[in-house]
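Visitor: Please see the structure below; I have some questions.
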Amino acid sequence: MSRAAEHHNSRAWALGALLLLVILAWWQWPEPAAPGRSAGVSDDSDVALQEAPPDTEMLAKTGHGEALQVSNEPSALDQFRERTRYPASTRKINENSFDLLNPGARHENRQALPGPDNPDLAWQVLFTADRFFVTGDEPILISLQLWNRGEAVLPESVSLQAEAVGPGDRHAPVMLAARSDGKAKTTVFEPNKHWPEYLGRVRVGAKFSARDLKPQSGELDFFFTGKERVPAHFTGTFRDFMAGGDLLIEVGLDVHRDGIFRIDGNLFDRAGKPFGWARFEGPLAQGNAVAALRYYGLLFHDAEAQAPFTLRNLHGYRMRPGDVPDREHIPQLATDYQTGGNYSLQGFRSQENHSPRRQRMIEMYEDAERRGVKLTRPENPGDG
């Protein structure tokens, strides 16, 4: 290879790498609700099953120093344009947006029991709970189910214990009473009765067996915000109005500790279909406060959404940057809110988001394409 060719390829690789680093540094996307930790189950050696590592898409380069193109169509620029049609505080959703529609949902599935006494994977277990986040005096329902060759088997000799495992003062473990519903062993646990001042993870350990099954053990975690650590409550007061071609819904809160808050909510159309997500992030002072959720106007055109609209799944937390844990949860509002305004599609803006930041990113993509630098496709970029 000539020195000129070497120099050209070196410049192309350097530009590609720089663009990728800048793009990754600028991209943002609303964090999903934390899923439940899969319950590890072991035989009496107490060695937990290891979860398979997640599939990751690696950035790579060809022998000539160019970044690999993951897909031919559409281009990285086209994908970036499509995924930044709205500001980062707004997102289009549908019935398949599971995590946003079910904040704090768990994701445990049946898993085979480990150990030499189950060589043909005949035994399966599901150790789970009804959600991941528990706040204040809310209860959590925990269940343990067994199957042998597909047939449900009631666990025997079940022992359940809850333990606070977060940082800070130690708390005494709590023994939980297991009850049978005919197919599973369950327990309803109210951690606030034992640790009202606690903030962090709670781990529930289980020991159990069954006929022809040696003693087993498992564990699951959930995140608990004790009543004394709850930073705010939703008051159930709302106001909705148009502003700049967007729909704003003001959410009332009673703030106990001021700080930076994140508040999320999903919007449903007249037919009951979810189509929009929005997030407020900003400071709230102690006392009566308002968090405004802004639903970008283009959302309504893209979904052809008809009023009245319904706000559901309202939830949020106070951020604790640099601390562990890094958040204090607000009890989720159980009721929905239906907008009262007479909104029509013509009143909502139909233009794409054209912030200066998005335009700079588009120009960088266009410059890379002119120079022949191939970029990997963007993953969940956002724009503010």
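Where a number appears in this text, it was derived from the coordinates with a stated rule and is not lab data. All values reported here derive from a predicted model rather than from experimental measurement. All Cβ positions, even for glycine, are placed from backbone atoms using ideal geometry, and neighbour counts span all protein chains on display.
Visitor: Report the extension gain between Arg349 and Glu151 in nm, rounded to one decimal, defined as 0.36 nm multiplied by the number of residues separating them, less their alpha carbon distance. Show your work: numbers first, answer last.
Guide: On the way: separation 198, 0.36 × 198 = 71.28 nm, distance 5.56 nm.
Using 0.36 nm per residue and subtracting the Cα-Cα distance, I get 65.7 nm.
Visitor: To continue, here is another question. Only loop residues by DSSP count here, and only those with at most 14 other Cβ atoms within 10 Å; note down the trypsin sites (Lys or Arg not before Pro) in region 224-282 that meet that. All intermediate terms of the calculation are to be shown ahead of the outcome.
Guide: Numbers: sites: Lys227, Arg229, Arg239, Arg257, Arg262, Arg270, Arg279; in loops: Arg257, Arg270.
Within region 224-282, the qualifying trypsin sites (Lys or Arg not before Pro) (loop, at most 14 other Cβ atoms within 10 Å) are Arg257, Arg270.
Visitor: Hey, another quick one. Within region 167-241, count lysine pairs with alpha carbon atoms under 18 angstrom apart where the residues are 8 or more positions apart or belong to different chains. Intermediate results must be reported in sequence, preceding the final value.
Guide: Details: Lys183/Lys207; Lys185/Lys207; Lys185/Lys214; Lys193/Lys227.
Close lysine pairs under the 18 Å cut-off: 4.
Visitor: Full extension from Asn109 to Glu163: what is 0.36 nm times the residue separation minus their Cα-Cα distance, to one decimal in nm?
Guide: Values: separation 54, 0.36 × 54 = 19.44 nm, distance 2.29 nm.
Length gained between Asn109 and Glu163: 17.2 nm.
Visitor: Evaluate the relative contact order of region 116-227 (contact order divided by residue number), counting alpha-carbon pairs under 8 angstrom at least 6 apart; express in whole percent.
Guide: Working: 249 pairs, mean separation 34.6, N = 112.
Answer for region 116-227 is 31 percent.
Visitor: Sticking with this one: Between Ile260 and Arg201, take the C-beta separation as r, use R0 = 25 Å, and let me know the FRET efficiency to the nearest 0.05. Show your work: numbers first, answer last.
Guide: Details: r = 22 Å, r/R0 = 0.89.
The formula returns an efficiency of 0.65 here.
Visitor: So what's the gap between the Cα centers of region 312-373 and region 155-169, to the nearest angstrom?
Guide: Rounded to whole Å, the Cα centres lie 38 Å apart.
Visitor: While we're here: Starting from the Cα of Glu95, step 7 Å toward the Cβ, then list every residue of region 255-279 with an amide N under 11 Å from that point.
Guide: Residues 273-274 qualify, since their backbone N sits under 11 Å from the label point.
Visitor: Based on other C-beta atoms within 10 Å, arrange Phe241, Phe133, Phe348 from fewest to most.
Guide: The fewest-first ordering by Cβ neighbours comes to Phe241, Phe348, Phe133.
Visitor: Kindly state, to the nearest 0.05, the FRET efficiency for Glu250 paired with Arg370, given R0 = 45 Å and r defined as their beta-carbon distance. Don't skip to the end; give the middle numbers.
Guide: Numbers: r = 45 Å, r/R0 = 1.01.
After rounding to 0.05, the efficiency reads 0.50.
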